[in-house]
Amino acid sequence: MGEVIDILGQLRKDSVRIDRAATALYEKSQELEGGINADGEVVRGVRWEYEKAWDDELIAFEERCNKRGERLPAVDIRTARVKRAVLEANPELCERFYALEATVAQLQRLISSRKSAVSANQSILKGEAA
């Protein structure tokens, strides 16, 4: 019976961890993706800022190539050059963007792993009850 109490305690802990992680995931996703705030206003996320900086640099790169009468390089080279230029011009924005993407992915993995643990513990409890 002591084992069942342990499992119930773990289920409670996991439930709290999932709730906290889900709240954090929502907040970080809002910061990354943007959305509509509590006042009904559209809020642009970091992804919007990053993609705008990317597009602006890509357009500027194309214009420079056109002025020199050069063809655009292959997509992978274009991508690397634009990425480097955006990083050099906007290091804080890039840092926030990549950090938020990583945080959102980590929170998704945490929630998934905790849900698996909850499911496993529920199965153990069902077996104990039988």
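Using Cβ point charges alone (K and R +1, D and E -1), the dipole size of the chain about the Cα centre works out to roughly 380 debye.
Among VAL75, VAL46, VAL86, determine the one that fluctuates most according to a GNM of the chain built with springs between C-alpha atoms less than 10 Å apart. Fluctuation is largest for VAL75. Among the trypsin sites (Lys or Arg not before Pro) within the range 1-85, which fall in a DSSP loop and have no more than 11 other Cβ atoms within 10 Å of their own Cβ? Sites meeting the loop and neighbour criteria: ARG68, ARG71. Farthest towards the positive end of the charge dipole of the chain, among the residues ASN37, ALA120, PHE97, is the Cα of ALA120, using unit charges on the Cβ of Lys, Arg, Asp and Glu. Take the Cα of GLN30, step 7 Å toward its Cβ, do the same at VAL42, and the gap between the two points is 1.8 nm.
Measuring gaps between exposed loop sites in the chain (GluC sites (Glu not before Pro); DSSP loop; at most 13 other Cβ atoms within 10 Å), the longest gap, sites not included, is 71-130.
Helical content alone sets the calculated 222 nm signal of the chain at -29500 deg cm²/dmol, taking -39,500 (n - 2.57) per DSSP H segment of four or more residues and averaging over every residue.
Overall shape of the chain was characterised from the C-alpha gyration tensor. The equivalent ellipsoid obtained from it has semi-axes of 48, 17, 10 Å, in decreasing order.
A short reminder: the numbers here are calculations on the coordinates, not readings from a lab. Everything numeric in this text was worked out from a predicted model, so none of it was measured. Glycine gets a Cβ as well: all are built from the backbone with ideal geometry, and neighbour counts include every protein chain shown.
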